[in-house]
Amino acid sequence: MKKFILANMLMYLFFNTVLAQDLPKCLNSLNKTTKLTTIKFEKVLKLSGERTVYKFSVRSSPKCMDCTNGSLFYDDQCNLIASFEMGRTAYGYVEYGYKASELGYTDFPNLKYGNKKGLLPNCVISAINKPDSLVKAGVIRLLQVRMKDKVLYCFEKALDPKLKNCIDCAKQMDFINEHCKLETSFSVGGIAGFKGSNGYSATDYQRKEILNTIWKASTTSIK
C-alpha cells in the first residue's frame, strides 16, 4: 500500500513539473509567494475552438482583510482573460469571446464581460494585449465611459503609495476619445475636488456613466 501511495505521489509531482515546464515563460513568472498572498499555477484547460487557458489560484492570509482569494485565467499569449476574486467584495471579469461557465464559474456576483475588441480603438486594443505594461505603468483599471454624450476611455492609475496619506493630493485621470486623442484630463481629489480641462467640468465627471471595465489589474499585481 505504501509503495502504491508513493508511486502516485511521484506521478503527481512529475505531471505538475511537466506542466510547469510547458508553461509560456511569461506565465511561469506569475508563480510567486509573499507574506500575505500566494499565486500558483493550477491547471491547463482545453476549451472548444482549440483554445488553451491556464488557471492560477490566488490564496491570501485570512489576517489580510484587503487581500483577495480566487482564480486568474490567462490565454496562451499570456493575456489575462478572466478573473474571479473574493475580498471585501466579489468581482468577476471575463474577456470577450469567453464564458464564465466554460471556466467553471456560474452565477458569480458582480460579473462583467469585456467588449468585442474590434469595436475598441486600436490604442486600447494594443494596451490590453500587453497587460504587464499596464501594470508597470501603474494602471489599475481601463474604463469605457460616456461623458457629454461621447464614449471615452480612461486609464485609471493608483495614487502614488508615497502619497496615500496626503489629504491634499489629487489623482490625474486622462480620458481619450475613439480616435486615441486626449479628450480631457481631470484632477480628482485634494482641495480642488474635481477639475477638468478642454471645457469639461466637475459636473461632467460626476455625471459620467461607466459603460464597461475593459481591463482590471489583479489586486495582487498592484505594487
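The values are calculated or read from the model by the stated rules, or taken from the named source; none is laboratory data. Note that the coordinates shown come from a computational prediction; the quantities given were computed from them, not determined experimentally. For neighbour counting, all protein chains shown are included, and Cβ atoms are generated from backbone atoms with ideal geometry for every residue, glycine included. When the accessible area is computed, the model is the full protein with side chains, heavy atoms only, and any ligands, DNA or RNA have been set aside. Shrake-Rupley method; radii C 1.70, N 1.55, O 1.52, S 1.80 Å.
List of remarks:
- Here is the figure for segment 28-46: residues that are surrounded by 14 or more Cβ atoms within 10 Å (Cβ to Cβ), touching a residue at least 24 places away in the same chain (Cβ under 8 Å), under 21 Å from Glu102 (Cα atoms) and hydrophobic (A, V, I, L, M, F, W, C) total 1.
- Top-ranked residue in segment 172-194 [being open to solvent by 50 Å² or more (accessible area, probe 1.4 Å) and at pLDDT below 80; ranked as nearest to the chain's Cα centre (by Cα)]: Phe194
- Some residue of segment 72-90 being closer than 21 Å to Asp132 by Cβ, among the hydroxyl-bearing types (Ser, Thr, Tyr) and either touching an Asp or Glu at 6+ places or on another chain (Cβ under 8 Å) or exposed (fewer than 14 other Cβ atoms within 10 Å of the Cβ) (or both): no
- Meets criteria (of a type in the set (A, V, I, L, M, F, W, C) and either under 27 Å from Ile125 (Cβ atoms) or open to solvent by 40 Å² or more (accessible area, probe 1.4 Å) (or both)) for Cys64: no
- Given (1) surrounded by 18 or more Cβ atoms within 10 Å (Cβ to Cβ); (2) under 22 Å from Ser57 (Cβ atoms), index of the condition Val124 fails: (2)
- Only one of the numbered conditions (1) open to solvent by 50 Å² or more (accessible area, probe 1.4 Å); (2) modelled with pLDDT under 90 is violated by Ile140, and that is (1).
- Residues in segment 98-121 that are more than 23 Å from Lys55 (Cβ to Cβ) and surrounded by 13 or more Cβ atoms within 10 Å (Cβ to Cβ): Asn115, Leu120, Pro121.
- Of all residues assigned to segment 49-57, at least one qualifies as being modelled with pLDDT of 90 or more, open to solvent by less than 90 Å² (accessible area, probe 1.4 Å) and hydrophobic (A, V, I, L, M, F, W, C).
- Condition met for Asn165 (at pLDDT 90 or above, farther than 22 Å from Ile125 by Cα and of a type in the set (S, T, N, Q)): no
- Tabulated pairs, segment 60-81, first farther than 15 Å from Leu103 by Cα and touching a residue at least 60 places away in the same chain (Cβ under 8 Å), second among the aliphatic types (A, V, I, L, M) and not in a loop (DSSP other than H, G, I, E, B), C-beta under 9 angstrom, 6+ apart or interchain: Cys67/Val58; Thr68/Val58; Thr68/Met86
- Scanning segment 61-104 for residues that are more than 25 Å from Lys35 (Cα to Cα), modelled with pLDDT under 90 and among the charged types (D, E, K, R) returns Asp75, Asp76, Glu95.
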